[in-house]
Amino acid sequence: MKELDLTKVTEEVARLCIEANYFIGKDVMGKIKEALEKEESPVGKNILEQIITNDGIAADDQVPMCQDTGLAVVFLEVGTEVKINGDIYEAINAGVRKGYEEGYLRKSAVRHPLDRVNTKDNTPAIIHTKLVPGSDKVKIIVAPKGGGSENMSYVKMLAPAAGVEGVKNLIIEAIKAGGGNPCPPMVVGVGLGGTFEKAALLAKEALMRDLNDKSPDPVNAKLEDELLELINNTGVGPLGLGGKVTALTVKVNSYPCHIASLPVAVNINCHAARHKEVIL
Ligand code: SF4
């Protein structure tokens, strides 16, 4: 069995927090440049040019691409052939603390949703863990999640009879209601199936996919294309000021569900769709 070095986990999480905030993903930048080609609205084009300039400055000067440097969402995949001596969750939180301090990233976590007292170090991270049978690796994805886009997300339990049209209507409703709040052009993650909480997690996981991939499930792949067209036809446009490009892409992840349920979740990432990963 391989023993995991928890000091390394802390170091790597700190690095990923910083790099996710400073360096836009190549796939995201590629999609923003494609959007600039497609956009017809002069205001929309100008916004996309400014986003490209902003992301370039952030990378060159090593500063955050947005003032909202997010709550630290961490996806942890642990192989069953890995031995962990100690508290891996504390090691991750120590990394978040270190990264947000050393990278001059805004601390955006409050202790309780009602008393709103800032924890002052951006912890605790939101950590999702999966076991991987037979593997001796640990994969860590750090995804700083901004409040503006997260607030426009939701979960709804539809009746199965609502079908694919019900799903599409719900998502379009969410995009229109969100308008410019999630800082479009956005990445739309859709979770279909499972239960109430599983659907939300599926939608969040969908946001971790490479923006250029396609769902291997033909039903989901078709829905991704159809939703992208419908969302871009809403006319919301870059930053909600009108235009052809409202979403950069749509990702649909699904899971089996109860015969009486059709859970649907929408989780939105803004144009600063941030996530970086490491395999240890
Ligand atoms: S939604 Fe994204 S771009 Fe807009 S303020 Fe939040 S993190 Fe920044």
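On inspection, LYS139 fails the criterion of being of a type in the set (D, E, K, R), away from the ligand (no atom under 16 Å from the Cβ) and assigned by TED's automatic domain parsing to the domain that holds GLY180. All of VAL28, VAL74 fail the test of being open to solvent by less than 40 Å² (accessible area, probe 1.4 Å), touching a residue at least 60 places away in the same chain (Cβ under 8 Å) and not assigned by TED's automatic domain parsing to the domain that holds ILE140, apart from VAL28.
Taken together, the residues in the range 42-72 that are away from the ligand (no atom under 15 Å from the Cβ) and of a type in the set (A, V, I, L, M, F, W, C) amount to 2. Applying the criterion of at least 1 residues that are away from the ligand (no atom under 16 Å from the Cβ), under 24 Å from ARG274 (Cβ atoms) and aliphatic (A, V, I, L, M) to the helices (runs of 4 or more DSSP H) found wholly in the range 144-263 leaves 163-178, 196-206, 218-232.
Looking across the range 77-114, the residues that are more than 23 Å from the chain's Cα centre (by Cα) and open to solvent by less than 70 Å² (accessible area, probe 1.4 Å) come down to GLY79, THR80, VAL82, ILE84, GLY86. When GLY134 is tested against (1) within 16 Å of the ligand (Cβ to nearest atom); (2) part of a loop (DSSP other than H, G, I, E, B), exactly one condition is not met: (1). Of the set (1) surrounded by 14 or more Cβ atoms within 10 Å (Cβ to Cβ); (2) among the aliphatic types (A, V, I, L, M); (3) assigned by TED's automatic domain parsing to the domain that holds ALA206, all apply to ALA177 but (1). The helices (runs of 4 or more DSSP H) located wholly in the range 1-90 that include 2 or more residues which are of a type in the set (Asp, Glu), farther than 28 Å from ALA200 by Cα and out of contact with any Pro (no Cβ under 8 Å at 6 or more places or on another chain) occupy 26-38, 42-61.
The values are calculated or read from the model by the stated rules, or taken from the named source; none is laboratory data. Note that the coordinates shown come from a computational prediction; the quantities given were computed from them, not determined experimentally. FYI the Cβ positions are ideal-geometry reconstructions off the backbone, even for glycines, and counts take in every protein chain you see. Just the protein is used for accessible areas: all its heavy atoms, side chains included, with ligands, DNA and RNA removed. Shrake-Rupley method; radii C 1.70, N 1.55, O 1.52, S 1.80 Å.
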